[in-house]
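Engineer: Sharing a structure below in structure tokens format, with a few things to ask.
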Amino acid sequence: MTAPVALESTIYAFGLPEDEAFALGLTLTHAVQEEGGTPVPIAVMGGEPVYGFSQDMLRTICRGQNIEKANARDLGALMATQKSGATTVSGTCVLAARKGIQVFATGGIGGVHRGSEETFDESMDLMAIKENPVAVVSAGAKSILDLPKTLERLETLGVPVWGYQTETFPEFYHRGRDLQLEWTFNDMPSLAAALKAHWEISPNTGVLICNPIPAAHELPPAQVDQWLAQALRRAKEHQITGKRLTPFLLNALKELSKGQTVTANLALIENNARMAAQLAVALKRV
Ligand code: PSU
Ligand code: MN
């Protein structure tokens, strides 16, 4: 397989409406191929980890019926019970690493939730990036999370957080505000060389690569904050916690923004898939 790029499947099953999700599956496949990479969407189907989907399989996942949200810790149980799961960033990191796939494109990672001092809600994504040698290309994380705490936790875990052509931690729907990154790489050969050096020193630890949403697709930060505040209030009213929280918030944002967050989400994922493919190609040359 030349220049493989892993893709997660939770976004298809739980992050978007079915038809948009299906179209996105096809778009990401083409985007990775156009940049010279091999797309490897990952899920668990009937108890088997799958690397690459047929169109039927993609449709089943997008429909999201009889599909679990599969974190890293769910994989063994899904396999033993022959169930199907759409893998989150954490589940995808584990399965990608098992096949030696070094580059993975997602939209945004999970992180430390707001109010975590009460709820202890921190995404397993952070731990999984620490434990698997995969470069996770993401547009940062949404401010539904507590971003300063998320960055602190990544530091504690020893996960490098690198900007690609940005000095600011991107905040998913916009290119970021005041969270400074310590490391920035401005071209693909430099980024690939840094990854190679990192894996010589820390062969088992992943890296978070931050690729901001293209400026043309950014949503205004103040507007996003307003939608977020409302979405968080709704989640509290409905007492949504645990695994259901992230999909609930995404759906609330979609409604509040009349679909604008979905359009931005699609644009940034495609951008990440392209960049990840360029990185996978560059990694072969270092
Ligand atoms: N961020 C998004 N869209 C998503 C997710 C994150 O903008 O669909 C998904 C990813 O699969 C991520 C997961 O790994 O949500 C994190 O869920 P939790 O917060 O329950 O760990
Ligand atoms: Mn959680």
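Engineer: Using a ≥ b ≥ c from the Cα gyration tensor of the stretch 188-232 (square roots of the eigenvalues), is it rounded, prolate or oblate, where a/c under 1.5 gives rounded and otherwise the larger of a/b and b/c decides, a/b for prolate?
Structural biologist: In terms of gyration-tensor shape, oblate.
Engineer: Using the reciprocal of the averaged 1/r over all distinct C-alpha pairs, how large is the Kirkwood radius of the stretch 93-150 in Å?
Structural biologist: Every distinct Cα pair counted, the radius reaches 12.0 Å.
Engineer: Would you list the P(r) distribution for the stretch 199-286, with all Cα-Cα distances sorted into 5 Å bins from 0 and each bin expressed as a whole %?
Structural biologist: Pairs per bin, as whole percents: 3, 12, 16, 16, 16, 13, 10, 8, 5, 1, 0.
Engineer: Kindly provide the trypsin sites (Lys or Arg not before Pro) of the stretch 230-286 that DSSP labels as loop, not H, G, I, E or B, and whose Cβ sees at most 15 other Cβ atoms within 10 Å.
Structural biologist: Lys258
Engineer: Quick check of the Kirkwood formula: for the chain, what is the inverse mean of 1/r over all pairs of different Cα atoms, in Å?
Structural biologist: Values: mean 1/r = 0.0538 Å⁻¹.
Radius from the Kirkwood sum: 18.6 Å.
Engineer: Extent of the stretch 1-87 along each principal axis, from alpha carbon coordinates, in Å, largest to smallest?
Structural biologist: Ordered largest first, the stretch 1-87 gives principal extents of 37, 28, 19 Å.
Engineer: While we're looking at this one, here's another question. Take the alpha carbon gyration tensor of the stretch 4-144, find the square roots of its eigenvalues, order them as a ≥ b ≥ c, and report rounded if a/c is under 1.5; if not, report prolate when a/b exceeds b/c, else oblate.
Structural biologist: Verdict is rounded for the stretch 4-144.
Engineer: When DSSP beta bridges are limited to those with both residues in the stretch 4-283, what percentage is antiparallel, rounded to the nearest 5?
Structural biologist: Of all bridge pairs located within the stretch 4-283, approximately 30 percent are antiparallel.
Engineer: May I ask for the Rg/Rh ratio of the stretch 99-228, computed from Cα atoms with Rh as the Kirkwood radius, given to two decimals?
Structural biologist: 0.96
Engineer: How much length would be gained if the chain were fully extended between Gln33 and Glu200, taking 0.36 nm per residue of separation minus their Cα-Cα distance, in nm to one decimal?
Structural biologist: This chain segment gains 57.3 nm when fully extended.
Engineer: Name the long-range amide H neighbours of Ile67: under 5 Å, sequence gap of 5 or more, or other chain; modelled H, no Pro or chain starts.
Structural biologist: none
Engineer: OK, next. Under a Cβ-only charge scheme (Lys and Arg +1, Asp and Glu -1), can you give me the dipole magnitude of the stretch 15-67 about the Cα centre, in debye to the nearest 20?
Structural biologist: Roughly 140 debye for the stretch 15-67.
Engineer: Only four residue types carry charge here, +1 at the Cβ of Lys and Arg and -1 at the Cβ of Asp and Glu. Report the dipole size of the stretch 4-283 about the Cα centre in Debye, rounded to the nearest 20. Display every interim value, and only then the final one.
Structural biologist: Working: 23 positive and 30 negative charges, 103 e Å.
Around 500 debye, computed over the stretch 4-283.
FYI, it's all coordinate maths here, none of it is from the lab. The structure presented is a predicted model; accordingly, all values stated were derived computationally and were not measured. Cβ coordinates were reconstructed from backbone atoms using ideal geometry, including for glycine residues, and neighbour counts include every protein chain displayed.
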